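Values quoted throughout were computed directly from the atomic coordinates according to the rules given, and no laboratory measurement underlies them. Only a predicted model underlies this, so the values are computations on that prediction, with no experimental measurement involved. For neighbour counting, all protein chains shown are included, and Cβ atoms are generated from backbone atoms with ideal geometry for every residue, glycine included.
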Number of protein chains: 2
Amino acid sequence: MKDRPAGKFDRRRDELAESALLTLGELGYARASLREIAGNSPFSHGVVHYYFSDKTELVIYSVRHYKARCVTRYDAVVSDSTTPGELVDAFAAKLAQTIRDEAPMHRLWYDLRTQSMFEESLREAITEIDGTLEAMIWRVIDRYATLCDARPSVPAPTAYAMLDGLFQGALLAYTTSGEPVLDGLAAQVRTVMPLLVSAADPTRTGGQR
Amino acid sequence: MKDRPAGKFDRRRDELAESALLTLGELGYARASLREIAGNSPFSHGVVHYYFSDKTELVIYSVRHYKARCVTRYDAVVSDSTTPGELVDAFAAKLAQTIRDEAPMHRLWYDLRTQSMFEESLREAITEIDGTLEAMIWRVIDRYATLCDARPSVPAPTAYAMLDGLFQGALLAYTTSGEPVLDGLAAQVRTVMPLLVSAADPTRTGGQR
DNA sequence: GCCTCTCCTTGACACTTGTCAAGAAAACTT
DNA sequence: AAGTTTTCTTGACAAGTGTCAAGGAGAGGC
């Protein structure tokens with residue numbers, strides 16, 4: 001057996017992953033069949049089992065493939081903002097924009113995360129990705145606190161869970177009502193962010209208010 | 001045709017709904033088949049279509065049936081607490097306890113809410129129930145603010161989304177790690193609740209800090 | 001007893017699903 | 001060009017799905 005040219009093989013896997021994401025985002029995990037997925041690709045339905053051993057493996061590979069691109073979404077926000085207000089505005093705008101641009105992917109993410117509560121096989125990958133998302137959000141909060149000359153008032157998991165709740169609520173509302181709700185999301189974020197930091201060590205600054 | 005004794009008919013529907021909840025909570029919406037549901041009931045699989053026209057109708061009826069019981073879960077907390085600290089502690093304890101007692105039901109709820117983003121037919125019922133949950137949470141927040149002699153610092157949808165995020169995160173963690181995470185939830189709630197209210201109209205009290 | 005109506009079971013239907021094996025087609029090697 | 005390996009298609013399989021129709025079982029009225 002010859003060495004597999006890992007590049008070629010992996011490129012096909014990525015190609016299939018893209019098609020899978022398209023279908024999964026549209027139909028959700030439960031209703032996305034391998035035939036439907038293959039139908040959204042240049043290949044036929046049998047090829048999936050040449051590149052993946054399982055439907056589960058395909059799904060996990062796909063969502064990893066996607067989330068890998070996404071964990072840097074707010075990095076520019078973090079690095080380019082120079083004032084708290086600027087950061088909050090940029091962050092809020094980015095949150096709303098990604099719902100506009102990638103609603104199906106976000107729906108898929110929440111779908112998979114929920115399914116992972118029922119299906120053990122998804123749990124490990126989902127847990128890991130969720131951790132990277134928490135870290136992603138925490139970088140924003142941490143930077144925001146720094147720009148405020150303050151400290152986060154809640155730990156990372158709490159901040160992530162709260163903002164995730166806002167985001168998920170907005171996604172849900174967006175699915176029902178579309179565009180108009182996104183302004184509301186931005187407003188929510190502007191309201192909430194200040195609550196997530198409190199005055200830094202008062203021996204140094206004496207507090208902000 | 002004789003008048004249907006509405007009581008009998010509805011009691012059977014409720015009975016089937018209970019069995020459906022059992023199965024749905026265990027397997028999730030996608031994997032819970034009508035045969036499996038009937039298997040958890042005293043009846044055979046065909047009877048479902050005698051009492052419900054659809055699988056969807058059964059599911060919606062079931063979740064409505066369940067949530068109707070639940071929207072009062074925190075009412076005692078609201079009415080029995082006389083200090084902010086007492087309320088927060090009771091609320092936090094109740095949140096943790098319901099995860100302990102009814103994790104499958106909560107998993108089902110999040111499953112259905114997520115599926116409603118893919119399946120139009122679920123949306124109306126889910127949206128309505130979500131509204132009642134928001135109201136349920138808001139009663140807690142409102143009471144808390146009153147006891148603090150303060151006002152909520154965020155509107156109802158925001159407060160609900162944030163606490164829902166915390167709760168969902170805890171449910172997820174509980175599914176993976178079990179009991180130990182529930183103390184964390186209580187701690188999170190104690191941290192977050194004070195952030196959701198701010199000093200009442202300063203012309204009246206002069207502020208708390 | 002018999003008839004009628006409600007309630008429930010059984011068994012079938014059309015369809016979809018993930019999986020896999022057999023072999024065609026394409027790519028690469030020599 | 002021939003042979004070999006990689007890649008992909010086709011078609012089938014068994015299992016499972018929601019749905020429904022035919023008819024049995026049981027109760028209650030006459």
*Excluding B:V47 itself, calculate the net charge of residues whose Cβ lies under 12 Å from the Cβ of B:V47, where each Lys or Arg counts +1 and each Asp or Glu counts -1.*
+2
_Let me confirm the definition first: pairs of Lys residues in the protein assembly as shown, 8 or more apart or on different chains, C-alpha distance under 28 Å. How many are there?_
11
_Compute the angle between helix B:181-192 and the longest alpha-carbon principal axis of chain B, please, reported from 0 to 90 degrees and rounded to the nearest 10._
50 degrees
*Cα-based helix-to-principal-axis angle, A:84-115 vs chain A, degrees rounded to 10*: 30 degrees
*Counting Lys and Arg as +1 and Asp and Glu as -1, what is the net charge of the other residues whose Cβ lies under 11 Å from the Cβ of B:T176?*
-2
*Determine which chain B residue has its Cβ at minimum distance from the rotation axis mapping B onto A, giving the value in whole Å.*
B:G165, 1
_Distant-in-sequence amide H partners of A:S198 (H built 1.01 Å from N, under 5 Å)_ = A:R151, A:S153
*With a bin width of 10 angstrom, please list the P(r) values of chain A as percents of all Cα-Cα pairs, from the 0 bin to the one holding the largest distance.*
8, 29, 30, 19, 10, 3, 1, 0
_Charged-residue dipole, Cβ positions (Lys, Arg, Asp, Glu), segment B:71-200 about Cα centre, Debye nearest 20_ = 260 debye
_Per-residue Cβ neighbour rank within 10 angstrom, fewest leading, A:T146, B:T82, B:T175_ = B:T82, A:T146, B:T175
_Positive-pole candidate from B:L172, A:I60, B:P42, dipole of the protein assembly as shown, charges at beta carbon_ = B:P42
_Stokes-Einstein D for the protein assembly as shown, Kirkwood Rh over Cα pairs, 37 °C, 0.692 mPa s (µm²/s)_ = 140 µm²/s
_Taking the number of other C-beta atoms within 10 Å as the exposure measure, put A:K8, B:K94 in order starting with the fewest._
A:K8, B:K94
*Could you give the dipole magnitude of the protein assembly as shown about its Cα centre, charging the beta-carbon of Lys and Arg +1 and that of Asp and Glu -1, in debye to the nearest 20?*
220 debye
*Inter-copy separations for B:R12, label at 7 Å along Cα-Cβ, nm, ascending*: 5.5
*asked:* Can you list the copy-to-copy distances for A:G85, using a point 7 angstrom from Cα toward Cβ, in nanometres, shortest first?
replied: 3.9
*asked:* At 7 angstrom along the Cα-to-beta-carbon line, where would the label on A:Q97 sit relative to the other copies? Give the distances in nm, shortest first.
replied: 4.7
_Average beta-carbon neighbours from other chains, 10 Å sphere, peptide A:126-134_ = 1
*Using helices alone, what [θ] at 222 nm do you get for the protein assembly as shown, with -39,500 (n - 2.57) per DSSP H run of 4 or more residues, divided over all residues and rounded to the nearest 500?*
-24000 deg cm²/dmol
*Using the Karplus equation 6.51 cos²θ - 1.76 cosθ + 1.60 (θ = phi - 60°), what ³J(HN,Hα) coupling, rounded to whole Hz, does each residue of segment A:166-176 give in order, writing x for Gly and Pro?*
4, 5, 5, x, 5, 4, 4, 5, 4, 5, 7
*Does segment B:1-83 come out rounded, prolate or oblate by the C-alpha gyration tensor, with a ≥ b ≥ c the root eigenvalues, rounded set by a/c under 1.5 and, if not, prolate when a/b is larger than b/c and oblate if not?*
oblate
_segment B:71-78 - phi-based ³J(HN,Hα) in whole Hz, Karplus 6.51/-1.76/1.60, Gly and Pro as x_ = 5, 9, 4, 9, 5, 5, 4, 5
